[in-house]
Amino acid sequence: MTGFIKWMEQHFIPVAARIGAQRHLVAIRDGFIALMPLIMAGSLAVLLNNLFFTPASLVADWFNLKPETSGYLQFTTKYLQPLMGNIWWGTFAVLALVVVFTIAYSLAKSYDVNPLSAAVVAVAGFLALTPQGVTITLADGKTTQATWGNFGWQYFNFGALLTAIIVTLVITQIFVTLMRKNLTIKLPENVPPAVGRAFAAIIPGLIAIIVGGFVPVLFSILNEAKVLTDTNLFDFITKFITDPFMNLSQNPFSAIIYVLMIQILWFFGLHGGNMMGAITSAIYLPAVAANADGAHNVFTSVFFDSFVHLGGAGATLSLVIAIMIASKRRDWREISKIGGPASVFQINEPIMFGLPVVLSPILIIPFMIIPVVLTIIAYLATVSGFIGYTNVVVPWVTPVGISAFLSTSGDIKAALVAIINLVIAIIIYYPFVKLANRYESEKV
């Protein structure tokens, strides 16, 4: 075990640390962190509609309420459901457009280049390559071609996130590179700084936006030459990148590799959740929104939060409980008393670095095994139809059981599965906690 840890420290950790510090991945992570108010507001709107405000809501189902006879449903569907719909429209429906701004801002800031101008240019470049005059399906089922200048919201929602990320990184990198090469308009020093920064961004911004605007022209040329059959960049990325990755992400083996990577990184003291954040944001987060629209994706970002990361990576809440039940080590018990309340809310740094779990030769086995076991259990419970699919994004700090209940739009059986997973994790941790007691006594 000691030799393995030394080998990992020498060969794996330096590479992982460099990847985790890569500025583009960090920009993606920070860009999505900035979206948390929107994600929470949109999630709340979806949750309230699913629980209370629609004829298909959980409350309406429980009490067998009918729209034609229930004054409650008539009121909620007339006023509260549209209100929640408006909130959804201002958050989830345009999330990809907003993430263009936040990622561009974060990336430019990492280069110490004017972040506000970079974000504005990225949004303009993204809009310049977004298809216009899209086909619209009318109420009678017929289709019509919208006029030029009309956007389809499908290019701004969760489904367009991967395209938005790629476009943002490219356009922002062009802008940043030109700014750093001083291809700018320089004004006298007595000009106000805000004006000077704005003028400095003109040439780099113009070139970056032209690149964005040329993309639809390029696709038209390639379509006329019959080189491509896809009519725009969004369709191309969806066909060749998004759909394959989405299909791959729903493979149980891929999900297991994903959780194992988080565990391995955490075991060596690196924040696995943050370092794998690009995958979470680009693949598993949109899967939640797809489920809200009727898809059946088992593995979503909230799936792992609700059923696997119970108390944080490695289900460390179960470790805390196992320690309080079985451990005689005073140091572990004291750390568990201090870090336990945080673990209830999925914050496990006090336990990870306090016990520590990081580089612990005793805890590495259950720490790696438990997330895999919990993933398999929740997967089987979902595909068997015992619990519903996760279709609502809930805050990752939501306690065990409550998170599963809310993320599945009020499925009480999902909460039961989460609690069962917690108990199973406690059982797996238990003998290793007992082993740690023996190790400590022998050491003394």
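Accessible surface calculations at 1.4 Å, restricted to protein heavy atoms, place segment 338-444 at 43 Å² per residue.
Split the accessible area of segment 30-174 by element, probe 1.4 Å, and carbon with sulfur accounts for 66%.
Measuring nothing but protein heavy atoms, the accessible surface of segment 241-321 at 1.4 Å probe radius is 68 percent carbon and sulfur. The count of lysine pairs in the chain that are at least 8 places apart or cross chains, and whose C-alpha atoms lie under 19 Å apart, stands at 8.
The angle separating the long axis of helix 115-129 from the principal Cα axis of greatest extent in the chain is about 70 degrees. Over the chain, Cα pairs under 8 Å with separation of 6+ residues give a relative contact order of 14 percent. Here are labelled values, (i) 42, 32, 19; (ii) 35, 25, 21; (iii) 39, 27, 20, and one is the computed semi-axes √(5λ) of the Cα gyration tensor in Å for what I pasted. Which one? Derived directly from the coordinates: (i).
Taking label positions 7 Å along the Cα-Cβ direction at both Ser110 and Asn150, the computed distance is 3.9 nm, reported to one decimal. Projecting the Cα atoms of Ile165, Pro67, Leu95 onto the charge dipole of the chain, computed from C-beta unit charges around the Cα centre, puts Ile165 farthest toward the positive end.
For the pair Ile185 and Asn251, the difference between a 0.36 nm per residue extended length and the Cα-Cα distance amounts to 18.6 nm. Using the 1.4 Å probe convention, the accessible area of segment 272-322 works out to 21 Å² per residue with neighbouring protein chains retained.
Subtracting the Cα-Cα distance from 0.36 nm times the residue separation, let me have the gained length for Phe63 to Thr177 in nm, one decimal.
Here the segment from Phe63 to Thr177 would lengthen by 35.0 nm.
For the listed peptides 159-170, 216-227, a ranking on the average number of other beta carbons within 10 Å per residue, highest first, reads 159-170, 216-227.
The distance from the alpha carbon centre of segment 342-365 to that of segment 231-287 is 24 Å, rounded to a whole number. In plain terms, the chain from Phe345 to Ala225 could stretch by 37.6 nm, reckoned as 0.36 nm per residue minus the Cα-Cα distance. Solvent-accessible surface of segment 145-224, averaged per residue with a 1.4 angstrom probe and all protein chains in place: 56 square angstrom.
Highest first, please rank the peptides 53-62, 101-110 by the mean number of other Cβ atoms sitting within 10 Å of their residues.
Result, highest mean Cβ count within 10 Å first: 101-110, 53-62.
Please express the Cα-Cα pair-distance distribution P(r) of segment 189-318 as a list of whole percents, one per 5 Å bin, running from 0 to the bin with the greatest distance. P(r) for segment 189-318, in whole percents per bin: 2, 9, 13, 14, 11, 10, 10, 11, 10, 8, 4, 1, 0. Sorted into 10 angstrom bins from 0, the C-alpha pair distances of segment 274-399 split as 13, 39, 31, 15, 2, 0 percent. Where does helix 252-267 land angle-wise versus the long Cα axis of the chain, in degrees 0 to 90, nearest 10? Approximately 70 degrees, to the nearest 10. Seen against the Cα atoms of the chain and their longest principal axis, helix 95-110 is set at about 80 degrees. Applying 1/(1 + (r/R0)^6) with R0 = 30 Å to the Cβ-Cβ distance of Ala194 and His271 gives a FRET efficiency near 0.25.
The values are calculated or read from the model by the stated rules, or taken from the named source; none is laboratory data. Not measured: the values here are computed from a predicted model. Cβ: placed from backbone, ideal geometry, glycine included. Neighbour counts: every protein chain shown. For the accessible areas, the whole protein counts, side chains as well, though only heavy atoms, and no ligand, DNA or RNA atoms are used. Shrake-Rupley method; radii C 1.70, N 1.55, O 1.52, S 1.80 Å.
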